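Report on the structure given below.
The values are calculated or read from the model by the stated rules, or taken from the named source; none is laboratory data. Since we're looking at a predicted model, the values are computed, not measured. FYI the Cβ positions are ideal-geometry reconstructions off the backbone, even for glycines, and counts take in every protein chain you see.
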Amino acid sequence: MIDEGTIARKLATLGSEKPIFRDGARVISNGILPSPINAILDEIDNTILRRKLTFRVGASFMSFIVAGRRLLSLVAISDDLTEANPPVGEALSHEESEAFEAVGAALTLLVREDHPVLVESTPSDEGGARSDIGIPVDRLADLLEVVPSAPIKPMQIFVEACEGFYTACLFWSDGLWVGHAEDDDVLAELRKVADDQWERFRSAYGKSGQSLDAPRLFMLERALGESGSVAGTWAQGEFALFVYEPGNLADIHAIWRKIFTT
């Protein structure tokens, strides 16, 4: 029996996304968000009708025949992943433990580095062995010990990733600024910036015609004098301010690009 509610929710999710394409393939993870393995499992979970899905990470790839939210067969694989010895061209089943685990091992190798994950979805050419059993996505998630995707909070991840590069941070959460700092005096200075200037700055930015929805990062060199520079950032309704040393600017910007761009 078709679960129409499940299909409707998945179509709504897909329709709300603004896909990014690279070399003809759709980017489903930037290497961090969502986690590469979760992105692959979500793609399988969203595939109801029979399709050929090719997942690419750098020069590595795996091509599957997928239908009904399960892997039916593995039809092609890059040479660097063959060490896992997954069964190519054979019908897949979660009941065949050796083949099942080999597919899981190959997927783990595919996402071993934090590179963007791309997917190509094409009509099935009926290649490979046919199977009505396959590997259900929930069984695959259990094998890989993957926790189901949680709502992504990129701002929180960005702040956590930058922890080694700032001396004080204020994070807007549930209507309040939550602070953390090595030096309470520096945190007090940053809180004054938040109280006096943050809303004024965002208002002026909005009036200039710039979107307040898109992720933004700005730097104010030596805004606190000897205490350091100030970075302000927002994305998806979350805000953060932190104090950093100018020498860490490149590292902060690199993390920003990794999380918020592909």
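Screening the range 127-144 for residues that are surrounded by fewer than 18 Cβ atoms within 10 Å (Cβ to Cβ) and modelled with pLDDT under 90 and picking the one that is farthest from residue 100 (Cα to Cα) gives 127.
In the range 72-113, the residue that is surrounded by the fewest Cβ atoms within 10 Å (Cβ to Cβ) out of those that are among the acidic types (Asp, Glu), over 25 Å from the mean Cα position of the chain (by Cα) and assigned to a loop (DSSP other than H, G, I, E, B) is 95. Among the residues making up the range 210-262, those that are free of Cβ contacts under 8 Å to residues at least 24 places away in the same chain and within 22 Å of residue 187 (Cβ to Cβ) are 218, 220, 225, 226, 229, 247. Among helices (runs of 4 or more DSSP H) entirely within the range 161-262, having at least 1 residues that are touching a helix residue (DSSP H, G or I) at 6+ places or on another chain (Cβ under 9 Å), of a type outside the set (Phe, Trp, Tyr) and at pLDDT 80 or above singles out 184-193, 249-260. Out of the residues in the range 114-126 meeting the condition of being surrounded by fewer than 16 Cβ atoms within 10 Å (Cβ to Cβ) and among the polar types (S, T, N, Q), tell me which one is farthest from residue 38 (Cα to Cα). So the residue we want is 122. Suppose the filter is among the small types (Gly, Ala, Ser), assigned by TED's automatic domain parsing to the domain that holds residue 22, surrounded by fewer than 21 Cβ atoms within 10 Å (Cβ to Cβ) and under 22 Å from the mean Cα position of the chain (by Cα); does residue 68 pass it? So residue 68 fails the test. Would you mind stating whether residue 41 is of a type outside the set (S, T, N, Q) and within 19 Å of residue 138 (Cα to Cα)? Yes. Hey, any hits in the range 117-125 for a residue that's assigned to a loop (DSSP other than H, G, I, E, B) and either modelled with pLDDT of 90 or more or not assigned by TED's automatic domain parsing to the domain that holds residue 248 (or both)? Scanning the range 117-125 turns up at least one residue that is assigned to a loop (DSSP other than H, G, I, E, B) and either modelled with pLDDT of 90 or more or not assigned by TED's automatic domain parsing to the domain that holds residue 248 (or both). Only residues in the range 152-167 that are over 13 Å from residue 254 (Cβ atoms) count as the first member; pair them with residues that are in a helix (DSSP H, G or I) and among the aliphatic types (A, V, I, L, M), Cβ under 7 angstrom, at least 6 apart or cross-chain, and list the lot. Within 7 Å, the pairs are 154/259; 157/259; 167/186. Of the residues making up the range 30-69, those that are part of a strand (DSSP E or B) and of a type in the set (A, V, I, L, M, F, W, C) are 53, 55, 57, 61, 62, 64, 65, 66, 67.
Every test in (1) outside any strand (DSSP E or B); (2) modelled with pLDDT of 80 or more is passed by residue 27 save one, and that test is (1).
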